[in-house]
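The values are calculated or read from the model by the stated rules, or taken from the named source; none is laboratory data. Quick caveat: nothing in here was measured; it's all calculated off a predicted structure. No Cβ is skipped: glycine too gets one built from the backbone with ideal geometry, and neighbour counts run over all protein chains shown. Heavy atoms of the whole protein, side chains included, go into the accessibility calculation; ligands, DNA and RNA do not. Shrake-Rupley method; radii C 1.70, N 1.55, O 1.52, S 1.80 Å.
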Amino acid sequence: KTLQSLTLPKNCESIGAEAFASCDHLQSIQINTKCKSIGDNAFSGCASLADLTIPASVEKLGSTIIKGCNNLYRLTLHNKFDSFKLSDLGLSNTSRIANVSIDNVKKLSIGAFEGYRALKEVNIPSDG
């Protein structure tokens, strides 16, 4: 429960459901580019987590992976989404999320960022 920093080994291909749930002191996570799936609630309750980057290698993203991560300030998603809504990841609109980057999304769902008052910047690159 006092884990503060985490770097996944290069051969780790999956993060299971609730793998790091309620690691209150976890501030940073380095997910390798071989990781293919992240299970439901994998990081839920990580109250100190401030910055999270999901690599493009992640093909399966569980539900509510960041529920209760209300100090999350920056979220970067390099993986593909057919549709996207921030609350589907479990992040409460009372969180302090200020910066979201999504590299590959086909459609933003209705209310994709609704109610996130601290949100200052959303980056969605164009197809060129």
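What the table below lists for this structure:
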{"read-out": "Which numbered condition Val105 fails, given (1) open to solvent by less than 30 Å² (accessible area, probe 1.4 Å); (2) of a type in the set (Val, Ile, Thr); (3) outside any loop (DSSP other than H, G, I, E, B)", "value": "(1)"}
{"read-out": "Tally of residues being within 27 Å of Lys34 (Cβ to Cβ), modelled with pLDDT of 90 or more and assigned to a loop (DSSP other than H, G, I, E, B) across the stretch 108-128", "value": "1"}
{"read-out": "Residue under evaluation Tyr116, criteria (1) open to solvent by 60 Å² or more (accessible area, probe 1.4 Å); (2) hydroxyl-bearing (Ser, Thr, Tyr); (3) out of contact with any Cys (no Cβ under 8 Å at 6 or more places or on another chain), criterion not met", "value": "(1)"}
{"read-out": "Failed criterion for Asp82 (all others in (1) part of a strand (DSSP E or B); (2) surrounded by 14 or more Cβ atoms within 10 Å (Cβ to Cβ) hold)", "value": "(2)"}
{"read-out": "Yes/no for Ser83 being of a type in the set (Gly, Ala, Ser) and either touching a helix residue (DSSP H, G or I) at 6+ places or on another chain (Cβ under 6 Å) or modelled with pLDDT under 90 (or both)", "value": "yes"}
{"read-out": "Tabulated pairs, the stretch 60-73, first open to solvent by less than 30 Å² (accessible area, probe 1.4 Å), second assigned to a loop (DSSP other than H, G, I, E, B) and among the polar types (S, T, N, Q), C-beta under 8 angstrom, 6+ apart or interchain", "value": "Gly62/Asn41; Ile65/Asn41; Ile65/Ser44; Ile66/Ser44; Cys69/Ser44; Cys69/Ser95; Leu72/Ser95"}
{"read-out": "Restricting the stretch 43-79 to residues that are assigned to a strand (DSSP E or B) and in contact with a Leu (Cβ under 6 Å, 6 or more places away or on another chain), the residue that is nearest to Asn32 (Cα to Cα)", "value": "Ile54"}
{"read-out": "Test: Ser48 is surrounded by fewer than 18 Cβ atoms within 10 Å (Cβ to Cβ), within 13 Å of the chain's Cα centre (by Cα) and among the small types (Gly, Ala, Ser)", "value": "no"}
